[in-house]
1. Tell me, yes or no, whether region 79-91 has at least one residue that is modelled with pLDDT under 90, surrounded by 11 or more Cβ atoms within 10 Å (Cβ to Cβ) and over 22 Å from the mean Cα position of the chain (by Cα).
2. Would you mind finding the one in 53, 106 that is closer than 12 Å to residue 121 by Cβ and either in a helix (DSSP H, G or I) or free of Cβ contacts under 8 Å to residues at least 40 places away in the same chain (or both)?
3. If you check 76, 46, 125, 143, which single one turns out to be modelled with pLDDT under 90 and surrounded by 10 or more Cβ atoms within 10 Å (Cβ to Cβ)?
4. Only one of these conditions is not met by residue 60: (1) outside any loop (DSSP other than H, G, I, E, B); (2) in contact (Cβ under 8 Å) with a residue 12 or more places away in the chain. Which number is it?
């Protein structure tokens, strides 16, 4: 009896005996494909941006535009001044605080955490022609004189 059990064990280990539990062929092939899909999703996950990564493509480095951290609710800052370091990805920034779209303070304050990731640009803050003060035209200036 012991020889028979040893012989069966040897055949199973060499792959000569039929398996005792039928294998599902489709599940073994699907597992690596699912693992590849998860790895691709992790690689595609976008990296959060610091303030300077967000405003670098805006005119005048975002001065006059509103930005906020992604975790903030109803709080944003309108950038008034940017001081960039040489690398262009770090620095300091000042702005006027807005809460629920209403300006809270008159004087600009230094923004904290500008080098940390998680900033977003608020699209409704785009500069319009009304925001820019109109320069006097020469014809209007001569007619009043």
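1. no
2. Values: 106 fails: closer than 12 Å to residue 121 by Cβ.
That would be 53, the only listed residue that is closer than 12 Å to residue 121 by Cβ and either in a helix (DSSP H, G or I) or free of Cβ contacts under 8 Å to residues at least 40 places away in the same chain (or both).
3. Details: 76 fails: modelled with pLDDT under 90; 46 fails: surrounded by 10 or more Cβ atoms within 10 Å (Cβ to Cβ); 143 fails: surrounded by 10 or more Cβ atoms within 10 Å (Cβ to Cβ).
Selected residue: 125, the only one of 76, 46, 125, 143 that is modelled with pLDDT under 90 and surrounded by 10 or more Cβ atoms within 10 Å (Cβ to Cβ).
4. (2)
The values are calculated or read from the model by the stated rules, or taken from the named source; none is laboratory data. These numbers come from a predicted model, not from an experiment. So basically every Cβ, Gly included, is an ideal-geometry build from the backbone, and we count neighbours across all protein chains shown.
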